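The values are calculated or read from the model by the stated rules, or taken from the named source; none is laboratory data. Worth saying up front: this structure is predicted, and the values here are computed from it rather than measured. Reconstructed Cβ throughout: ideal geometry from the backbone, glycine too, with neighbour counts over all protein chains shown. Only protein heavy atoms, including side chains, enter the accessible area calculation; ligands, DNA and RNA are left aside. Shrake-Rupley method; radii C 1.70, N 1.55, O 1.52, S 1.80 Å.
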Amino acid sequence: LTRPMAYSGGSLHINARTNAQGFVRVAVREARGPRDGEWPEHWRFDDCTPFEGDSLNHVVTWREHGPGIERFPANVLRLHFWLENAGLFSFWFE
């Protein structure tokens, strides 16, 4: 779970690697005021398309929203990464 960060636009990219039974999923969470840490609908782990494999530049997508986080209800957010038999080396917005 990241610290609160200002979202400046673009898609979420990851540099990650999984083994045969592994995956990476990302949930986007509220990060401001009394809603800090809440899980908005359509931004949860089950809404994220799981990443499997090895990539230096994979674009994370969500079923309802595709690759962009522009529709997230706040401009300050936290990213919550779920790694199962996987390594996450970096992430960025572009």
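Here are some notes:
- Residue in the stretch 61-73 that is buried (at least 18 other Cβ atoms within 10 Å of the Cβ) and among the small types (Gly, Ala, Ser) present: no
- Count of the stretch 1-16 residues which are farther than 20 Å from Val76 by Cβ and buried (at least 17 other Cβ atoms within 10 Å of the Cβ): 2
- Within the stretch 4-16, residues that are under 17 Å from Asn57 (Cα atoms) have Cβ atoms under 6 Å from residues that are of a type in the set (Ser, Thr, Tyr) in these pairs: Asn15/Ser90, counting only partners at least 6 apart in sequence or on another chain.
- Condition check for Phe51: under 12 Å from His80 (Cβ atoms) and of a type in the set (Phe, Trp, Tyr): no
- Residues of the stretch 17-39 that turn out to be surrounded by fewer than 17 Cβ atoms within 10 Å (Cβ to Cβ) and not charged (D, E, K, R), as a count: 7
- Of all residues in the stretch 44-71 being more than 27 Å from Arg32 (Cβ to Cβ) and touching a residue at least 40 places away in the same chain (Cβ under 8 Å), the one that is nearest to the chain's Cα centre (by Cα): His58
- In a residue-by-residue description of the stretch 32-43, the property of being under 23 Å from Ser90 (Cβ atoms) and under 13 Å from the mean Cα position of the chain (by Cα) applies to at least one position.
- Among residues of the stretch 72-87 that are farther than 9 Å from Val28 by Cα, those with a Cβ under 7 angstrom from a residue that is open to solvent by 70 Å² or more (accessible area, probe 1.4 Å) and part of a strand (DSSP E or B), sequence gap 6+ or separate chain, pair up as Asn75/Ala6; Val76/Ala6; Asn85/Asn19; Asn85/Gln21; Ala86/Arg17; Gly87/Arg17.
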